[in-house]
Structures are given as C-alpha cells and as structure tokens.
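*Asks:* One structure is given below, represented as structure tokens, and several questions about it will come after.
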C-alpha cells in the first residue's frame, strides 16, 4: 500500500533532515511516485507531521495502558521506567520527530498534540503523587519530578546503540533503579 510507504518515507526524511528541510517532492521521490500523486495520500506536509505525532502518542498511551501493572507506586514506577525506555528505543525516528518537530506544528495542531503529551506526562505524575502520599517516595515537586524522569528516560535514545556494552535489558535495569533512587526508594545495586 502506498499510504503507509508515504508515511514511512516522510518519517525517515523528517528524522534525518528535519521537517522544514524536506519537500513533498523529496517524499514522493523517496516513495517512487510523482509529486502530484502524493496528494492522493495526504493533503499536505503538515498533515503528515500531525498524523505521525498523533499516531506516536496514541500508540504510546495505548501501550502504557496495556503495560501498566497497577498496584503500588514503587512497582508502577519501575514498570514505567522500563516501558518508556523499551517503547522509545524501538521507535527512534518517531521519538526524534515527536520531540524536535513540535516547533513545526501549526497552533491548532500543536494544541492537539500537546494535550496528548500532557496525558502521558500525567502518568508518572500520578505514580509519584501516589508514592509521596503513601510514604514510599520522597518528592519535592511532583510535576518537576515527573518531567525530570521523562527527560532522563527519553535521553537513552541519544546514546544507546544495539550491540554496545549494555544490552537493552541491562539499560532498563540501571535506569529503573535510577528512577526509583531519584525519589528516595532504596534499591539493591547489581
């Protein structure tokens, strides 16, 4: 099907060159269709970007809803850290675009995407608040702690490469312990 190929090509090009530097003509050439034919699959480049970001965030929220173990805050924070790393390492181009191309969104699209981002940011906020209220975590500022946690976990995408010194499971272990340590949960070093 050409529609998914158009989106995949746009994602590769946006991640490699940046949204602003990529033309519809380049996307069409990458797919192997004429530039005019591209408009059968998308009205414009902004719609492609919106659909990519929307799909990424919808997938992220849906995947967490399935992965969330429920229960007590320590287990949920451990699960969240591992989930976030795993999900993001599996989709480096989508993650890059979701973070770096917010600036390229038109205002109404930005508001839509930002609302989805806030839904996801509310997940660690709720976990940290639960941990604070139940006395198992020490958090000075739940919102700031949540943002710091997400930034730390997402940062793995900037340096991790398969085949390096640590495999994904080891990175998840280290980062899950660091996430717990950030909020005063004692863990056993491995």
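*Asks:* Out of 60, 49, 38, I need the residue that is closer than 30 Å to residue 182 by Cα and surrounded by 15 or more Cβ atoms within 10 Å (Cβ to Cβ). Which one?
*Replies:* 60
*Asks:* Kindly provide the set of residues from the stretch 52-68 that are in contact with a helix residue (DSSP H, G or I) (Cβ under 6 Å, 6 or more places away or on another chain) and without any contact (Cβ under 8 Å) to a residue 24 or more places away in the chain, ordered by number.
*Replies:* 67
*Asks:* Here is a further query. Could you look through the stretch 69-79, keep only residues that are at pLDDT 95 or above and out of contact with any helix residue (DSSP H, G or I) (no Cβ under 6 Å at 6 or more places or on another chain), and pick out the one that is farthest from residue 16 (Cα to Cα)? Steps first, please.
*Replies:* Taking the stretch 69-79 first, the residues at pLDDT 95 or above are 72-79.
In the following step, the residues that additionally are out of contact with any helix residue (DSSP H, G or I) (no Cβ under 6 Å at 6 or more places or on another chain) were identified as 72, 74-75, 79.
Working: 72: 41, 74: 38, 75: 37, 79: 31 Å.
Only one residue tops the list, namely 72.
*Asks:* I've got another one for you. Do you know which residues across the stretch 64-78 are surrounded by 14 or more Cβ atoms within 10 Å (Cβ to Cβ) and over 15 Å from residue 117 (Cβ atoms)? Don't jump to the end; show me each part of the working.
*Replies:* Taking the stretch 64-78 and keeping what is surrounded by 14 or more Cβ atoms within 10 Å (Cβ to Cβ), we get 64, 67-68, 73-74, 76-78.
Answer for the stretch 64-78, where residues must be surrounded by 14 or more Cβ atoms within 10 Å (Cβ to Cβ) and over 15 Å from residue 117 (Cβ atoms): 67, 68, 73, 74, 76, 77, 78.
*Asks:* Still on this model: Is it the case that residue 187 is farther than 26 Å from residue 49 by Cα and outside the structural domain of residue 77 (by TED's automatic domain parsing)?
*Replies:* yes
*Asks:* I'm trying to understand the selection: among the residues of the stretch 175-190, which are buried (at least 16 other Cβ atoms within 10 Å of the Cβ) and in a helix (DSSP H, G or I)?
*Replies:* Hits for the stretch 175-190 are 175, 176, 177, 179, 180, 182.
*Asks:* I'm trying to understand the selection: among the residues of the stretch 119-163, which are modelled with pLDDT under 95, touching a helix residue (DSSP H, G or I) at 6+ places or on another chain (Cβ under 9 Å) and not in a helix (DSSP H, G or I)?
*Replies:* Answer for the stretch 119-163, where residues must be modelled with pLDDT under 95, touching a helix residue (DSSP H, G or I) at 6+ places or on another chain (Cβ under 9 Å) and not in a helix (DSSP H, G or I): 139, 160, 162.
The values are calculated or read from the model by the stated rules, or taken from the named source; none is laboratory data. Computed from a predicted model, the values in this text were never measured in an experiment. Ideal geometry is used to build each Cβ from the backbone, glycine not excepted, and the neighbour counts take in all protein chains shown.
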